[in-house]
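Visitor: Mind having a look at this structure? Questions to follow.
The values are calculated or read from the model by the stated rules, or taken from the named source; none is laboratory data. Worth saying up front: this structure is predicted, and the values here are computed from it rather than measured. Backbone-built Cβ (ideal geometry, glycine too); neighbour counts: all protein chains shown. Each accessible area value is taken on the protein alone, full model and side chains, heavy atoms only, with ligands, DNA and RNA left out. Shrake-Rupley method; radii C 1.70, N 1.55, O 1.52, S 1.80 Å.
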Amino acid sequence: MDIATLYTYFLECGEVTTDSRHCPEGSLFVALKGATFNGNAFAVQALKQGCKYAVIDEAEYADPNNPRLLLVDDCLKTLQALANYHRRKLGTRMIGVTGTNGKTTTKELIAAVLMEKYKVLYTQGNFNNHIGVPLTLLKLTKEHGLAVIEMGANHPGEIKTLVQIAEPDCGIITNVGKAHLEGFGSLEGVIRTKGELYDFLRLKSEGVVFLQNENPYLNGIVGELKTVRYGQTPGLYVSGRVVSCKPFLAYEWTAEGKTYQVQTHLIGSYNLDNALAATAIGRYFGIDCGQICHALSTYEPHNNRSQLTVTADNRLIVDAYNANPTSMMAALENFKLIEAPHKMVILGDMKELGTGSKEEHQKIVNFLRTCSFERIVLVGSEFASTDSSFECYPDTLVLTEMLRKEKPKDWLILIKGSNSMKLSALQDIL
């Protein structure tokens, strides 16, 4: 079945699902496959549970007596092609967002600013991969004035795949750093892969890049692309500086000779670039400066990303959704600057660092030795393998049992680690 024909079925449905446990009435089910499941086996069940049509790619599940089963060659490729076809049909202006650190926060801030004027579609949760991006695009409607699409990657070529599906009109790489080195092989591999967004924009006659002006890696690969620059250098399209961070970021930004003050709910001076990126994009798309300030001052982070949680006993800075050497150092540097009578850090292993993992964890330990934190707690086998005399626990469960017996009180606590370490669960006992 060709995409144009399948698109007519999609228009009848207007909503796509790949989960047979979630079948909204009248939706289109696409049977994806994974290491432990085959969506084709659940296609008929999806129809019974409310789906109007089901797309399958294995002939043994087809039924000539059931025209609601739509056979294609490859369900995943069809999902991606359908999303691209829909995106082209609507022609919505598209902003692609990628980067090693800060891409989710930046995406959220961009969306918050743009929603002051437009109806905006933007990536929800972690729908930033080869399945999530097409599912997001298929939610586009004629009412959306702009779309902000987050693109993640842990292997070379993944951003290239995503930009070919979404076809962004402009884009931003927040930064590049040491993350997913197990897949990328090196920092150079990270730069090349993130740079695939720039490579695509070079093919567009009016492609625009929003560029962090002081980033040497990004300046090294942007070439002759049209840039809208933001950063801390005076005279840029948007320039800014940190005013305070106690613990929430307050900053000022300047454009066309006028300066504006913003008090955010963001923890960490490293969020300055994220806020300035959203400011620059807002200006570029015609958002009033006062509206930009309003959006950024009222946005509150969630999903355990630089999130301040106040419990009955302590104050927690929870940044446990992801971790890599770059973001870990940034979090620790910022935590050093925050004034509090008693400060504790709880750090979990940084995953997917490949052969350099032990070295990167040792660098963190070496940095911790230079800090004056009253208590330092490490969690995981990677930290356990370092040359360290700090408290160390094999996993979050063992740490949890200890904390239940010896619960800290009146501390400011930074919780940082890869999501798989499940450190966010500590919020319930601290």
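Visitor: Filter the strands (runs of 3 or more DSSP E) completely within segment 114-174 down to those with at least 1 residues that are surrounded by 17 or more Cβ atoms within 10 Å (Cβ to Cβ) and touching a residue at least 60 places away in the same chain (Cβ under 8 Å).
Guide: Output list reads 146-150, 170-173.
Visitor: Something else now. Taking Q49, is it open to solvent by 60 Å² or more (accessible area, probe 1.4 Å) and touching a residue at least 12 places away in the same chain (Cβ under 8 Å)?
Guide: Yes: the conditions hold for Q49.
Visitor: Now a separate question. Quick check on N271: is it within 23 Å of G99 (Cβ to Cβ), at pLDDT below 95 and not aliphatic (A, V, I, L, M)?
Guide: Criteria met by N271.
Visitor: Going through L32, L70 one at a time, which residue ends up being over 11 Å from T18 (Cα atoms) and touching a residue at least 60 places away in the same chain (Cβ under 8 Å)?
Guide: L70
To keep it simple, each residue is scored yes or no on (1) hydrophobic (A, V, I, L, M, F, W, C); (2) within 24 Å of L140 (Cβ to Cβ); (3) open to solvent by 70 Å² or more (accessible area, probe 1.4 Å).
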| residue | (1), (2), (3) |
| --- | --- |
| G26 | no, yes, no |
| N40 | no, no, no |
| I56 | yes, no, no |
| E60 | no, no, yes |
| P64 | no, no, yes |
| V72 | yes, yes, no |
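Visitor: For a quick check of your reading of the model, give me the residue pairs whose first member lies in segment 320-339 and is closer than 17 Å to K422 by Cβ, whose second is among the polar types (S, T, N, Q), with beta-carbon atoms closer than 6 Å and at least 6 apart or on different chains.
Guide: Close Cβ pairs (under 6 Å, with a partner that is among the polar types (S, T, N, Q)) amount to A320/N304; A320/S424; Y321/N303; Y321/N304; Y321/N419; N322/N419; A323/S418.
Visitor: Taking only segment 170-189 into account, find how many residues are at pLDDT below 80 and farther than 10 Å from G99 by Cβ.
Guide: Total satisfying the criteria: 11.
Visitor: So Q232 passes all but one of these: (1) surrounded by fewer than 15 Cβ atoms within 10 Å (Cβ to Cβ); (2) closer than 20 Å to V176 by Cα; (3) over 22 Å from the mean Cα position of the chain (by Cα). Which condition number does it fail?
Guide: (1) is the only condition that Q232 fails.
Visitor: Just to verify a result, which residue in segment 191-219, among those that are over 23 Å from the mean Cα position of the chain (by Cα) and free of Cβ contacts under 8 Å to residues at least 12 places away in the same chain, is nearest to L414 (Cα to Cα)?
Guide: Among them, the one singled out is L203.
Visitor: Can you tell me which residue is modelled with the lowest pLDDT among those in segment 10-50 that are assigned to a loop (DSSP other than H, G, I, E, B) and touching a helix residue (DSSP H, G or I) at 6+ places or on another chain (Cβ under 8 Å)?
Guide: Taking the candidates together, the pick is S20.
Visitor: Answer with yes or no whether S389 is open to solvent by 50 Å² or more (accessible area, probe 1.4 Å) and out of contact with any Lys or Arg (no Cβ under 8 Å at 6 or more places or on another chain).
Guide: Criteria met by S389.
Visitor: Across segment 306-319, what is the number of residues that are out of contact with any Asp or Glu (no Cβ under 6 Å at 6 or more places or on another chain) and in a loop (DSSP other than H, G, I, E, B)?
Guide: Final tally of qualifying residues: 4.
Visitor: For C13, are the conditions met, namely being closer than 23 Å to T141 by Cβ, touching a residue at least 12 places away in the same chain (Cβ under 8 Å) and touching a Cys at 6+ places or on another chain (Cβ under 6 Å)?
Guide: Answer is no for this residue.
Visitor: Does segment 89-112 contain at least one residue that is in a strand (DSSP E or B), open to solvent by 60 Å² or more (accessible area, probe 1.4 Å) and at pLDDT 95 or above?
Guide: Yes, some residue in segment 89-112 is in a strand (DSSP E or B), open to solvent by 60 Å² or more (accessible area, probe 1.4 Å) and at pLDDT 95 or above.
Visitor: Go through L76, L82 for me and flag whichever is open to solvent by less than 30 Å² (accessible area, probe 1.4 Å), out of contact with any Ser or Thr (no Cβ under 9 Å at 6 or more places or on another chain) and at pLDDT 95 or above.
Guide: Result: L82 is the single residue among L76, L82 that is open to solvent by less than 30 Å² (accessible area, probe 1.4 Å), out of contact with any Ser or Thr (no Cβ under 9 Å at 6 or more places or on another chain) and at pLDDT 95 or above.
Visitor: Yes or no: segment 278-297 includes at least one residue that is open to solvent by 40 Å² or more (accessible area, probe 1.4 Å), at pLDDT 95 or above, outside any loop (DSSP other than H, G, I, E, B) and closer than 17 Å to Y230 by Cα.
Guide: So far as segment 278-297 goes, yes, one or more of its residues are open to solvent by 40 Å² or more (accessible area, probe 1.4 Å), at pLDDT 95 or above, outside any loop (DSSP other than H, G, I, E, B) and closer than 17 Å to Y230 by Cα.
Visitor: Just give me the residues in segment 307-334 being open to solvent by 30 Å² or more (accessible area, probe 1.4 Å), under 17 Å from the mean Cα position of the chain (by Cα), β-branched (V, I, T) and closer than 17 Å to L266 by Cα, in sequence order.
Guide: none
Visitor: When you scan segment 320-430 for helices (runs of 4 or more DSSP H) that lie fully inside it, which ones turn up with 2 or more residues that are under 22 Å from F248 (Cβ atoms)?
Guide: Because the criterion is at least 2 residues that are under 22 Å from F248 (Cβ atoms), the helices (runs of 4 or more DSSP H) in segment 320-430 that meet it are 325-337.
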